[in-house]
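Q: I'd like to ask some things about the structure below.
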Amino acid sequence: MQESRAELKVSVFSDYICPFCYIGSERLLRLNNDYDLKVDWRGMEIHPETPAQGMPLVQLGYPPAQWSRMTAALEQMAKQEDIELSAREFTTNSHKALLLSEAAKQAGQDIFYALHKRLFQAFFTEGENIGDEKVLTRLAQEAGLSPEAIASAWQDPRFEAALNQNLSLAAGLGIRGTPTFIIGEEILVGAVPYRDLQKAAETASRGK
């Protein structure tokens, strides 16, 4: 008989155009092997100034040396997690994708996680523009979200309010970047190693 897993509550501030969030998501969800993981995914838009039609990555303004270091680190992490990253020269606006994610939460965990992973894959592996409403509609349909739920994502003010609440909460906690994980009393910033997530989980599960 399989031993029951302890419940572990985690909050994550994340964005679907953040490649380190993709890595971090995969690492965090591995904790499901040892815990009954309950994740509060909090969408936090990191580049609201980016147009939905997309723009070249170079316009984000990172210095070349910093960008080179970030890219090298990302490629190494992706290899560790068996994530395929395509060569990508553009970024996009994530606002509608985050609203869609909020709507998917109402449809249950299975649909939410199907969409959650699909959004990352579509953008980082397949090179699709997840700022495009037509692309998002197709991805949501693939994940099993109903037409009514898809429409509500961009019409129901509750979902916009949820994103605004996430920003306010992040500001109150001093959180400025994604991904940021809150496990128990610990705040871990960035795509931290899996072992760091494990240690935080172990500490939280002991109530220390």
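The values are calculated or read from the model by the stated rules, or taken from the named source; none is laboratory data. Note that the structure is a prediction, hence the values are computed from the model and not measured. When we count neighbours, we look across all protein chains shown, and the Cβ atoms used for this are built from the backbone with ideal geometry, even at glycine.
Q: If only one of 167, 188 is modelled with pLDDT of 95 or more, under 19 Å from residue 96 (Cα atoms) and among the aliphatic types (A, V, I, L, M), which one is it?
A: On the way: 188 fails: under 19 Å from residue 96 (Cα atoms).
Unique residue meeting the criteria: 167.
Q: Still on this model: In the range 177-208, which residue that is among the aliphatic types (A, V, I, L, M) and under 14 Å from residue 30 (Cβ atoms) is surrounded by the fewest Cβ atoms within 10 Å (Cβ to Cβ)? Let's see the steps before the verdict.
A: Taking the range 177-208 first, the residues among the aliphatic types (A, V, I, L, M) are 182-183, 187-189, 191-192, 197, 200-201, 204.
Then keep just the ones that are under 14 Å from residue 30 (Cβ atoms); that gives 183, 191-192, 197, 200-201.
Details: 183: 24, 191: 25, 192: 19, 197: 21, 200: 22, 201: 22.
That would be 192.
Q: Also, quick follow-up: Tell me which residues, restricted to the range 87-99, are at pLDDT below 95 and assigned to a loop (DSSP other than H, G, I, E, B).
A: 87, 88, 89
Q: Sort through 62, 16, 22 and tell me the only one that's assigned to a loop (DSSP other than H, G, I, E, B), closer than 21 Å to residue 131 by Cβ, at pLDDT 95 or above and not acidic (Asp, Glu).
A: On the way: 62 fails: at pLDDT 95 or above; 22 fails: assigned to a loop (DSSP other than H, G, I, E, B).
Only one candidate passes the filter, namely 16.
Q: Restricting to the range 122-139, give me the number of residues that are at negative phi and surrounded by fewer than 17 Cβ atoms within 10 Å (Cβ to Cβ). Talk me through it step by step, then tell me what you get.
A: Filtering the range 122-139 down to residues at negative phi leaves 122-126, 128-139.
Cutting the leftovers down to surrounded by fewer than 17 Cβ atoms within 10 Å (Cβ to Cβ) gives us 125-126, 133-134, 138.
Residues flagged as at negative phi and surrounded by fewer than 17 Cβ atoms within 10 Å (Cβ to Cβ) within the range 122-139 amount to 5.
Q: Follow-up. Mind telling me which of the residues 84, 102 ends up being more than 12 Å from residue 136 (Cα to Cα), touching a helix residue (DSSP H, G or I) at 6+ places or on another chain (Cβ under 8 Å) and outside any helix (DSSP H, G or I)? Steps first, answer last, please.
A: Details: 102 fails: outside any helix (DSSP H, G or I).
When all the criteria are applied, what remains is 84.
Q: So, one more: Being surrounded by fewer than 20 Cβ atoms within 10 Å (Cβ to Cβ), in a helix (DSSP H, G or I) and among the charged types (D, E, K, R) is the filter here, so list the residues in the range 25-53 that pass it.
A: Selection gives 26, 30.
Q: Of the residues in the range 65-89, how many are among the basic types (Lys, Arg) and either more than 19 Å from residue 194 (Cα to Cα) or touching a His at 6+ places or on another chain (Cβ under 9 Å) (or both)?
A: We begin by selecting, within the range 65-89, every residue among the basic types (Lys, Arg); these are 69, 79, 88.
The next check asks that each one be either more than 19 Å from residue 194 (Cα to Cα) or touching a His at 6+ places or on another chain (Cβ under 9 Å) (or both); those that pass are 69, 88.
Summing the residues that are among the basic types (Lys, Arg) and either more than 19 Å from residue 194 (Cα to Cα) or touching a His at 6+ places or on another chain (Cβ under 9 Å) (or both) in the range 65-89 gives 2.
Q: Is it true that residue 160 is among the acidic types (Asp, Glu), exposed (fewer than 13 other Cβ atoms within 10 Å of the Cβ) and farther than 24 Å from residue 38 by Cβ? Give the derivation first.
A: Working: among the acidic types (Asp, Glu): yes; exposed (fewer than 13 other Cβ atoms within 10 Å of the Cβ): no; farther than 24 Å from residue 38 by Cβ: yes.
So residue 160 fails the test.
Q: Could you check the range 105-120 and list, in sequence order, the residues that are part of a helix (DSSP H, G or I), in contact with a Gly (Cβ under 9 Å, 6 or more places away or on another chain) and within 21 Å of residue 36 (Cβ to Cβ)?
A: Pass one, the range 105-120, residues part of a helix (DSSP H, G or I): 105, 109-120.
Filter once more, so that each one left must be in contact with a Gly (Cβ under 9 Å, 6 or more places away or on another chain): 110-111, 114-115.
Once the filter is applied, which keeps residues that are part of a helix (DSSP H, G or I), in contact with a Gly (Cβ under 9 Å, 6 or more places away or on another chain) and within 21 Å of residue 36 (Cβ to Cβ), the range 105-120 yields 110, 111, 114.
Q: Any residue in the range 147-158 that is closer than 17 Å to residue 102 by Cα, touching a Ser or Thr at 6+ places or on another chain (Cβ under 6 Å) and assigned to a helix (DSSP H, G or I)? Spell out the reasoning first.
A: Restricting attention to the range 147-158, the residues satisfying the condition of being closer than 17 Å to residue 102 by Cα are 147-158.
Filter again for touching a Ser or Thr at 6+ places or on another chain (Cβ under 6 Å), leaving 150.
Subsequent filtering for residues that are assigned to a helix (DSSP H, G or I) retains 150.
Yes: the range 147-158 contains one or more residues that are closer than 17 Å to residue 102 by Cα, touching a Ser or Thr at 6+ places or on another chain (Cβ under 6 Å) and assigned to a helix (DSSP H, G or I).
Q: Tell me which residues, restricted to the range 190-206, are in contact with a Phe, Trp or Tyr (Cβ under 8 Å, 6 or more places away or on another chain) and not in a helix (DSSP H, G or I).
A: To start, the set of residues in the range 190-206 that are in contact with a Phe, Trp or Tyr (Cβ under 8 Å, 6 or more places away or on another chain) comprises 190-192, 197, 200-201, 205.
Scanning the range 190-206 gives 190, 191, 192.
Q: For the range 122-146: of the residues being among the aliphatic types (A, V, I, L, M) and not in a helix (DSSP H, G or I), which is nearest to residue 12 (Cα to Cα)? Don't jump to the end; show me each part of the working.
A: Initially, the range 122-146 is screened for residues among the aliphatic types (A, V, I, L, M), giving 122, 130, 135-136, 139-140, 143, 145.
Narrowing further to those that are not in a helix (DSSP H, G or I): 130, 145.
Working: 130: 20, 145: 22 Å.
Among residues in the range 122-146 that are among the aliphatic types (A, V, I, L, M) and not in a helix (DSSP H, G or I), the one nearest to residue 12 (Cα to Cα) is 130.
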